[in-house]
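Each remark here refers to the structure printed beneath this line.
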Amino acid sequence: MSNFLNVEEIYGSNCFSEIVMKEKLPKTIYKEMVKVQNGEIELSKETADVVATAMKDWAISKGATHFTHWFQPLTGYTAEKHDSFIDPDEDGSIMMEFSGKELIKGEPDASSFPNGGLRDTYEARGYTAWDVSSPAFLKEDKTGLTLCIPTAFFSYTGEALDKKVPLLKSMEAVSKASVKILKLLGTDVKKVTASVGPEQEYFLVDKEYFEKRPDLLLAGRTVFGGLPSKGQEMSDHYFGVIKDRVADFMRDLNHELWRLGISAKTQHNEVAPNQFELAPIYDSANVATDRNQLTMEAMKRIASRHGMVALMHEKPFAGVNGSGKHNNWSLATDTGVNLLSPGTNPQENTQFLLFLAAIIEAVDTYAPLLRMSAASAGNDHRLGGHEAPPAVISIYLGKELTTILEKIAKGEVIENKAGEKFEMGVNALPALPKDATDRNRTSPFAFTINKFEFRMVGSNQSIAGPNVVLNTSVAEILTKYTTRLEKASDVNAEVTAIVKDCYNNHNRIIFDGNGYGAEWIPEAEKRGLANLKTTVDSLPELAKDYSVELFTKHKVFTKAELEARVAIYSEAYSQQLNIEANLTSEMAIKHIVPAVTEYVSNLTNSVIDIKAVLPKADTTGQESLIGELSDGLSGILKTVKVLNEVKAKALTLEDNLLEQAKFYSTEVIKAMADVRAFGDKLETITDKELWPFPSYEDLLFKL
Ligand code: ADP
Ligand code: MG
C-alpha cells in the first residue's frame, strides 16, 4: 500500500519523551531531571541550560525553526507565541540559541486573555513556566515545525490564569492524601497519579457547506435547520463502515498523533450521521489534558487538509445526538497498582473498598461542583436531552459491587460462590464478573471494571476542570478517612466502619437505573440530589463557602481565583449566547426573509399567470401555500423584533455578569427559539434552490 508507514518507527518522533531525554542528556543531568519531574528537587539553572540545549539541538535536527511556550488560558483553548531560535552575530551571521532561562520562564503580553479581575490592566504581565511533567513536542503546521514547551500561565501576583496550574495542584493534593492513607494500610508508595483516558466525539462536515453557514462558522452550531427525512433513527451509522474520505482523514490524524507520542487507539463512527469518536490510551491527568487539546487541534487542522471541518461543539445540530467526552479516571501508585482495581489479595481489596468509599462520598458531597465542571453554553443542549446524562449527578456501580457495599453496611457476611467468607484485610473479595460492570450507558458517573467514567463532559471542553474537582474532592475525603484511621486501634475494623458509614450516609447517590428516564428526575429530587439544570444554575457553586473551603484547604484555588472563574465563565456564556442571538437575527433578516419573499413572489406570479390562461383553474393549493409562507414571514419578522429587543436589554446588564448570563439563559434563549421555529418551518415549505443555506441533509449525509 502506498501509504505504508512503520508505526514503531514514527511513534513519538515529534515528542521529547523520557526515552529521547535519556538518550540526549548526560546521565547525571537525566537523573536530576527525573527527580525534578517527581517533585523531589528544584530545577537548577545549570541543568535547565543543558536540557534547553539538548531540546534545541533535537528540535533543529528535525527541522524546527521556532519555539513557543504553549499554555492553556481560561478560554478553554491553547495559546502560543512563536519565537525563532535565531540570534544574529555582529558579522551578519546567525546562531541558533535557546537558553535554560527561555525554557523555564516566558513573559507573553497577556492583556487580552480572560482574567476575571485577577490582574489590573496596567499590570498586564503574565508569566508562563515550564511544566516538567508534560513532555515538550514538535508541532507541524504551515509555519513549519515549532518546539512547544507545555507551560503553566499565571499573573504577576502569582494567581493561576489557566487550566493547568489548578490541575497540577489537585494532582498533588490527591497524591499526598493517597500516599498518606496507603501508609496506614501498610502500603508504602512515593506517589499516586490520577490517570485519565478521554474519549473524544466530533462531527465532520464538508468545508464548502460549512462556509455557507454563518452559524457554524461563527458559533460552531446551527441556529436554524430542520431535520432531513432521515436522522439517526436507523442506527446505521454507529460502528458502521467508515467512508473513504473520513478514513483518509483518520489515517492522517493517527499518523500525526502517533508522531506526537499520543496513543490514538480506537476510532469509529458514532450514533449521529457524520459523527465520530477517537479514544487514546490513558495518561496522567495532566498529560492527558494537554494531549486532548492537541488532539482537538490536530483534528481541526487535518480535516481542513481534506476539505472538511471538524466540529467540536457539543450540539452542532438539533434533532440528532451531540458530542461529549467521556473522562475515564482512576488512581495508580508509582508501583503500578491501580487503586480502583478490585485486587486479588486481601490488602488490595481493603485499599480498593476504602478508595471506592472515598470516591462515593466525594461525588455525593461535591456533586454540584462536579456538575459545574461540565457546564458550558454548548453542553446545556446535551445534558438531560436523552442522549447524554441528565444534569443530576449519580453513580453507577453495578449490581455486584452495590451488593457488597450493602452487605458491609448491614454487617452481613460476604461469600463467594465456593462459600468462602470475606473479611476486611483477611480474605479476598469475591471476584467481580468483568462484563457485569458496564451495562449502564446512561449514568453520568459509572464504575467500569477498574476506573470511573465521567460522561457529562462536553466535547469542546478542556478536561482539566472535571479532573480538578475529582482529584480535590477525593483528596478531601481521603484526608478525613486518614484522621479516623490514625485514631483507630484496629485498622481493618475501622476500614469496615468507614465503608459502612459511607454507604449508609451516601447511598442516595448510587443509582443503577435508567439515567435518561423521565421518572429518575423526581426520584433524584426525593433523594435530595441536586439538579442544576443549566450552566447558569451551576456556575455560582464554585464560589460558595463549601467550595472555597475545599479548594483553599488543598491549595488548589484561592478564593480570588474561584471568584474570577465564576466571572470569566459567566461572561463567556453570555458572549456565546450573544453571538448566537446576533446570528439568529441576521440570518433571518438578511437571508431567510429575502429568500422566502422571492419564493412567495414566484408563486404569486405563477397563480396570476395560470389564472390568465385558465380563469377557472383550481389554485387553492398554491394559495394556501402562499398563505403559509406569508404567515411564516410575518411570524419570523415579529419574533426577530422581540429577539432584538431582548438582546439589547441583555447588553445593558453587564454590571452583573451572573445576572446577565441568567437573562441570556432564559429570555434570550426563548426569543431565539421562537425565531427558529418560524425559520425551520419555512425551510420545509420553501424551494430548496432558493433556500440560502446548505441543509441538514447536506451537512449530515454528504461527505
Ligand atoms: P469504552 O468506554 O468504550 O468501553 P474502554 O473501557 O476500552 O472503552 O476505555 C475507554 C478509555 O478508558 C480509554 O481511553 C482507556 O485508555 C481508558 N482507561 C482504561 N483504564 C484506565 C485507567 N486505569 N485510568 C484511566 N483511564 C483508563
Ligand atoms: Mg466510554
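The values are calculated or read from the model by the stated rules, or taken from the named source; none is laboratory data. Not measured: the values here are computed from a predicted model. Backbone-built Cβ (ideal geometry, glycine too); neighbour counts: all protein chains shown.
One line per residue, one yes/no per condition, for (1) buried (at least 19 other Cβ atoms within 10 Å of the Cβ); (2) more than 16 Å from Ala152 (Cα to Cα); (3) in contact with a strand residue (DSSP E or B) (Cβ under 6 Å, 6 or more places away or on another chain):
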| position | (1), (2), (3) |
| --- | --- |
| Leu43 | no, no, no |
| Asp49 | no, yes, no |
| Ser61 | no, yes, no |
| Trp70 | yes, no, yes |
| His82 | no, yes, yes |
| Gly92 | no, yes, no |
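Quick one: which residue in Val392, Val468 is under 25 Å from Val179 (Cβ atoms) and among the β-branched types (Val, Ile, Thr)?
Result of the check over Val392, Val468: Val468.
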Restricting the first residue to the range 148-172 and requiring it to be over 16 Å from Tyr77 (Cα atoms), which pairs with a second residue that is of a type in the set (Gly, Ala, Ser) and in a loop (DSSP other than H, G, I, E, B) meet a Cβ separation below 9 Å and a spacing of at least six or different chains? Ser155/Ala110; Tyr156/Ala124; Leu168/Ser133; Met171/Ser133; Glu172/Gly39
Only one of Ala375, Ala310 is crowded, with 24+ Cβ neighbours inside 10 Å, in contact (Cβ under 8 Å) with a residue 24 or more places away in the chain, out of contact with any Gly (no Cβ under 8 Å at 6 or more places or on another chain) and not aromatic (Phe, Trp, Tyr), namely Ala375
Which of (1) within 11 Å of ligand 1 (Cβ to nearest atom); (2) touching an Asp or Glu at 6+ places or on another chain (Cβ under 8 Å) does Glu256 not meet, given it meets every other one? (1)
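Residues that are over 28 Å from Val36 (Cα atoms), at least 1 per element: which strands (runs of 3 or more DSSP E) completely within the range 51-121 meet that?
Ranges flagged: 86-88, 94-96.
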Pairs needed: first member in the range 607-629, at pLDDT 95 or above; second member anywhere, outside any helix (DSSP H, G or I); C-beta distance under 8 Å; at least 6 residues apart or different chains. Val607/Thr619; Ile610/Ala617; Ile610/Thr619; Lys611/Ala617; Lys611/Thr619; Leu629/Thr686
Could you tell me which of the residues Ala493, Ala409, Ala431 is in the same structural domain as Asn379 (by TED's automatic domain parsing), more than 21 Å from Ala362 (Cα to Cα) and in a helix (DSSP H, G or I)? Ala493
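Just to check your reading of the model, which residue among Ala298, Ala264, Ala279, Ala272 is at pLDDT 95 or above and crowded, with 21+ Cβ neighbours inside 10 Å? Write out each step before concluding.
Working: Ala264 fails: at pLDDT 95 or above; Ala279 fails: crowded, with 21+ Cβ neighbours inside 10 Å; Ala272 fails: at pLDDT 95 or above.
Of Ala298, Ala264, Ala279, Ala272, the one residue that is at pLDDT 95 or above and crowded, with 21+ Cβ neighbours inside 10 Å is Ala298.
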Checking Ala298 against (1) of a type in the set (A, V, I, L, M); (2) out of contact with any strand residue (DSSP E or B) (no Cβ under 7 Å at 6 or more places or on another chain); (3) within 16 Å of ligand 1 (Cβ to nearest atom), which test does it fail? (3)
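Conditions (1) part of a helix (DSSP H, G or I); (2) buried (at least 20 other Cβ atoms within 10 Å of the Cβ), marked per residue:
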{"residue": "Gly517", "(1), (2)": "no, no"}
{"residue": "Glu525", "(1), (2)": "yes, no"}
{"residue": "Gly528", "(1), (2)": "no, no"}
{"residue": "Leu539", "(1), (2)": "yes, yes"}
{"residue": "Tyr546", "(1), (2)": "yes, no"}
{"residue": "Glu563", "(1), (2)": "yes, no"}
{"residue": "Ser574", "(1), (2)": "yes, yes"}
{"residue": "Leu577", "(1), (2)": "yes, yes"}
I'm trying to understand the selection: among the residues of the range 321-338, which are on the phi < 0 side of the Ramachandran plot, away from ligand 2 (no atom under 16 Å from the Cβ) and surrounded by fewer than 23 Cβ atoms within 10 Å (Cβ to Cβ)? Ala332, Thr333, Asp334, Thr335, Val337, Asn338
Considering only helices (runs of 4 or more DSSP H) fully contained in the range 588-703, which possess at least 3 residues that are among the hydroxyl-bearing types (Ser, Thr, Tyr), under 35 Å from the mean Cα position of the chain (by Cα) and not assigned by TED's automatic domain parsing to the domain that holds Pro114? none
Report yes if some residue within the range 216-223 is closer than 24 Å to Asn467 by Cβ, within 16 Å of ligand 1 (Cβ to nearest atom), in contact (Cβ under 8 Å) with a residue 60 or more places away in the chain and assigned to a loop (DSSP other than H, G, I, E, B); otherwise report no. no
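Can you confirm whether the range 107-124 contains a residue that is touching a helix residue (DSSP H, G or I) at 6+ places or on another chain (Cβ under 8 Å), aliphatic (A, V, I, L, M) and at pLDDT 90 or above?
Just the residues of the range 107-124 that are touching a helix residue (DSSP H, G or I) at 6+ places or on another chain (Cβ under 8 Å), to begin with: 114-118.
Going one step further and asking which of them are aliphatic (A, V, I, L, M), we end up with 118.
Adding the requirement that they be at pLDDT 90 or above leaves none.
Checked against the condition, which is being touching a helix residue (DSSP H, G or I) at 6+ places or on another chain (Cβ under 8 Å), aliphatic (A, V, I, L, M) and at pLDDT 90 or above, the range 107-124 yields no hits at all.
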Of all the residues that make up the range 141-185, how many are more than 20 Å from Arg291 (Cα to Cα), crowded, with 20+ Cβ neighbours inside 10 Å and modelled with pLDDT of 95 or more? 7
Hits in the range 155-213 - residues which are part of a loop (DSSP other than H, G, I, E, B) and under 30 Å from Glu277 (Cα atoms): Lys163, Lys212, Arg213
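Consider Asp206 carefully, then state whether it is of a type in the set (D, E, K, R), closer than 25 Å to Met456 by Cα and either over 23 Å from the mean Cα position of the chain (by Cα) or within 16 Å of ligand 1 (Cβ to nearest atom) (or both).
The answer is no for Asp206.
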Is it the case that the range 166-188 has a residue that's within 30 Å of Arg221 (Cβ to Cβ) and touching a helix residue (DSSP H, G or I) at 6+ places or on another chain (Cβ under 9 Å)? yes
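I'm checking my understanding of the structure. Among residues of the range 257-273 that are part of a strand (DSSP E or B) and within 13 Å of ligand 2 (Cβ to nearest atom), which one is farthest from Asp698 (Cα to Cα)?
Taking the range 257-273 first, the residues part of a strand (DSSP E or B) are 264-269.
Next, from what is left, pick out any that are within 13 Å of ligand 2 (Cβ to nearest atom): 265-266, 268.
Numbers: Lys265: 30, Thr266: 27, His268: 21 Å.
Checked the range 257-273; the qualifying residue farthest from Asp698 (Cα to Cα) is Lys265.
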